[in-house]
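This report refers to the structure that appears directly beneath it.
The values are calculated or read from the model by the stated rules, or taken from the named source; none is laboratory data. All values reported here derive from a predicted model rather than from experimental measurement. Heads up, the Cβs are rebuilt from the backbone with ideal geometry, glycines too, and the neighbour counts pull from every protein chain shown.
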Amino acid sequence: MNKRILFIILILFSNVYADKDLIQDDYIKLTPEEAIFLKNTKINVITSNTWAPINMYNDSEELSGIAIDFWNLIKSRAEINSTITTSKDWNDVLTKIKNKDADITLGTSFDKNKLAYAKFSTPYISFPIAFATLFDKRFIPDASFLQGQKVAVGENYSSHIILKNEYPTIDFITVKNTHDALKLLSAGEVDAVIDILPVVAHLISKNGYSNLKISGTSKNNIEISFMVRNDYPELIQIINRHISLLTPDDKNKIIREWLTVKFDKRIIDKHMMINIIIIIIALFIFYFFRQRSANIHNEQLEFISNTDALTGLKNRRKIDKILNKIKNKKFSLILMDIDHFKLINDDFGHLIGDEVLKDIAHLLKYNVNQNDIIGRWGGEEFLIICKNTSISEAEKLSYRIKDLIENHDFKVKKITASFGISEANNNLVLKDILSNADRALYKAKENGRNQVVLSVTN
């Protein structure tokens with residue numbers, strides 16, 4: 001009986017918390033092109049098995065890991081027909097994607113140098129870069145303390161690409177994978193090893209390196225994405241939609257499976273806990289619906305006054321409110337302008353221009369990160385508020401959107417967009433942050449359009 005009641009209440013609870021701006025049916029609706037693509041295309045997945053616990057072989061010699069679990073979840077929900085092949089190393093994975101011998105790999109991070117042959121999905125999880133050292137070494141506060149030292153890292157790994165650009169004086173020793181890097185460290189042949197935190201922790205524990213430890217993590221987070229061959233835009237669009245639908249529970253369930261410590265379950269009586277949860281949730285839902293019925297009319301009026309009628313995005317009035325609410329917090333702004341939009345109206349008419357604006361809004365809505373806020377800033381300009389996001393992370397998002405727009409079939413002509421990015425900091429008021437994004441956008445247009453330009457501030 002308890003399970004039955006809990007099931008009913010959880011259904012109600014999930015409906016209560018459904019985001020009014022993100023209706024699930026809208027996300028999983030396929031365009032005709034996407035439906036044809038899925039029906040006619042078998043996706044060839046390529047992955048290494050040397051990045052445990054992201055991708056690895058389990059004790060039964062089967063592919064498993066965090067990336068594999070995320071792919072299996074999305075593949076099942078999207079009904080993607082696929083096969084999977086294990087590659088000898090990461091460089092071979094890149095070569096096969098580049099040569100179109102494979103269609104997608106499951107665990108990597110955005111790298112604009114690979115945009116010539118690949119597209120990147122929205123990140124589905126992120127982890128900090130960890131520093132492993134011998135057990136007797138001191139704490140390492142950040143990667144600058146590794147300068148001048150020998151640091152082993154997997155060749156072309158994301159942590160290698162990021163840190164070698166930021167700290168060129170680190171003496172990187174490249175190897176095939178992190179397992180080989182830790183062997184060098186244990187033998188005293190290098191000073192440190194870098195990779196994302198779960199990988200380093202897993203390999204030290206699994207291989208019994210009692211003389212090694214994690215001595216610190218960097219300020220840099222590695223965002224894990226899927227990487228797809230660049231002539232499969234339909235696949236990226238479908239995957240991004242399903243990544244946007246991943247709930248915190250979806251993600252936590254996978255992460256818990258691989259990273260959490262298993263405590264003694266006898267400490268808490270399971271049935272007692274279920275009863276407590278049922279009572280709390282039931283009281284909360286009762287209170288919520290009582291309040292909601294009283295406020296629903298006001299909510300409808302508020303929604304209309306804050307929404308752009310053409311695109312369904314937040315209007316400038318609402319965006320101004322949000323900016324003033326978060327002005328003292330960490331965020332970045334992306335100001336985007338459709339290139340030569342006046343010519344579209346002149347050549348094809350304003351009704352077609354309106355359809356282009358709605359298409360752009362659709363692309364933005366389904367391809368930004370989960371916490372980003374999108375608004376129509378005015379005319380053909382759109383503003384994206386990237387909360388808790390650095391300017392470099394906003395740059396990655398801008399490149400993804402630029403690529404999507406450039407390769408999207410708008411039915412009338414090829415359309416591109418220009419991007420200006422700024423970042424909030426303690427020295428700037430909101431007016432300056434907006435002004436910096438506007439100046440960067442102007443520079444992007446001055447440089448020839450279809451550009452991403454970052455604001456440079458002191």
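What tally of residues in segment 437-458 results from selecting those that are assigned to a helix (DSSP H, G or I) and touching a residue at least 24 places away in the same chain (Cβ under 8 Å)?
Of the residues in segment 437-458, the ones assigned to a helix (DSSP H, G or I) are 437-446.
In the following step, the residues that additionally are touching a residue at least 24 places away in the same chain (Cβ under 8 Å) were identified as 437-438, 440-441, 444-445.
The qualifying residues number 6.
If I filter segment 144-155 for residues that are among the acidic types (D, E), assigned by TED's automatic domain parsing to the domain that holds I236, outside any strand (DSSP E or B) and in contact (Cβ under 8 Å) with a residue 40 or more places away in the chain, do I get at least one hit? No, segment 144-155 has no match at all. Taken together, K137, K88, K100 contain a single residue that is assigned by TED's automatic domain parsing to the domain that holds N211 and outside any strand (DSSP E or B), which is K137. Among the residues of segment 30-70, those identified as part of a loop (DSSP other than H, G, I, E, B), at pLDDT below 95 and either under 23 Å from the mean Cα position of the chain (by Cα) or among the charged types (D, E, K, R) (or both) are L30, T31, S48, N49, A52, P53, I54, D59, E61, E62, G65.
For A130, the conditions (1) part of a loop (DSSP other than H, G, I, E, B); (2) under 25 Å from E395 (Cβ atoms); (3) in contact (Cβ under 8 Å) with a residue 40 or more places away in the chain; (4) not basic (K, R) all hold with the exception of (1).
What number of residues within segment 361-385 satisfy the criterion of being of a type outside the set (D, E, K, R) and closer than 17 Å to D337 by Cβ? Steps first, please.
Taking segment 361-385 as the starting set, the residues that turn out to be of a type outside the set (D, E, K, R) are 361-364, 366-371, 373-375, 377-379, 382-385.
Okay, now just the ones that are also closer than 17 Å to D337 by Cβ, so 361, 363-364, 368, 374-375, 377-379, 382-385.
Of the residues in that region, 13 qualify.
Here is the figure for segment 159-209: residues that are charged (D, E, K, R), crowded, with 16+ Cβ neighbours inside 10 Å and closer than 20 Å to Q147 by Cβ total 2.
Applying the criterion of being closer than 24 Å to T50 by Cβ and aliphatic (A, V, I, L, M) to the residues of segment 113-129, the residue that is surrounded by the most Cβ atoms within 10 Å (Cβ to Cβ) is I129.
State all residues of segment 434-458 that are closer than 24 Å to I326 by Cα, surrounded by fewer than 21 Cβ atoms within 10 Å (Cβ to Cβ) and either at pLDDT 95 or above or in contact with a strand residue (DSSP E or B) (Cβ under 9 Å, 6 or more places away or on another chain) (or both); if no residue qualifies, say none. Once the filter is applied, which keeps residues that are closer than 24 Å to I326 by Cα, surrounded by fewer than 21 Cβ atoms within 10 Å (Cβ to Cβ) and either at pLDDT 95 or above or in contact with a strand residue (DSSP E or B) (Cβ under 9 Å, 6 or more places away or on another chain) (or both), segment 434-458 yields L434, S435, D438, R439, T457. Among the residues of segment 130-144, those that are surrounded by fewer than 23 Cβ atoms within 10 Å (Cβ to Cβ) and of a type in the set (F, W, Y) comprise F135, F139.
Residues of segment 409-437 being of a type outside the set (S, T, N, Q) and either under 25 Å from the mean Cα position of the chain (by Cα) or under 12 Å from I338 (Cα atoms) (or both), which ones?
First, the residues of segment 409-437 that are of a type outside the set (S, T, N, Q): 409-415, 417, 419-421, 423-424, 428-434, 437.
Those that are of a type outside the set (S, T, N, Q) and either under 25 Å from the mean Cα position of the chain (by Cα) or under 12 Å from I338 (Cα atoms) (or both): D409, K414, I415, A417, F419, G420, I421, E423, A424, I433, L434, A437.
Of all residues in segment 90-103, one or more are modelled with pLDDT under 90 and either closer than 17 Å to N240 by Cβ or surrounded by 17 or more Cβ atoms within 10 Å (Cβ to Cβ) (or both).
Among the residues making up segment 353-385, those that are of a type in the set (S, T, N, Q) and in contact (Cβ under 8 Å) with a residue 24 or more places away in the chain are N367, N369, Q370.
In this structure, is Y399 free of Cβ contacts under 8 Å to residues at least 40 places away in the same chain, of a type outside the set (A, V, I, L, M, F, W, C) and either within 25 Å of P248 (Cβ to Cβ) or not in a strand (DSSP E or B) (or both)?
Working: free of Cβ contacts under 8 Å to residues at least 40 places away in the same chain: no; of a type outside the set (A, V, I, L, M, F, W, C): yes; either within 25 Å of P248 (Cβ to Cβ) or not in a strand (DSSP E or B) (or both): yes.
Against the criterion (free of Cβ contacts under 8 Å to residues at least 40 places away in the same chain, of a type outside the set (A, V, I, L, M, F, W, C) and either within 25 Å of P248 (Cβ to Cβ) or not in a strand (DSSP E or B) (or both)), Y399 does not qualify.
Among the residues of segment 339-383, which ones are over 22 Å from T247 (Cβ atoms) and in a strand (DSSP E or B)? Matches in segment 339-383: G375, R376, W377, G378, E381, F382, L383. For segment 158-198, a residue qualifies if it is part of a loop (DSSP other than H, G, I, E, B) and either within 21 Å of D111 (Cα to Cα) or of a type outside the set (D, E, K, R) (or both), and the qualifying residues are Y167, P168, T169, I170, K176, N177, A187, G188, V190.
Yes or no: K318 in a helix (DSSP H, G or I), at pLDDT 90 or above and loosely packed, with under 12 Cβ neighbours inside 10 Å? No: the conditions fail for K318.
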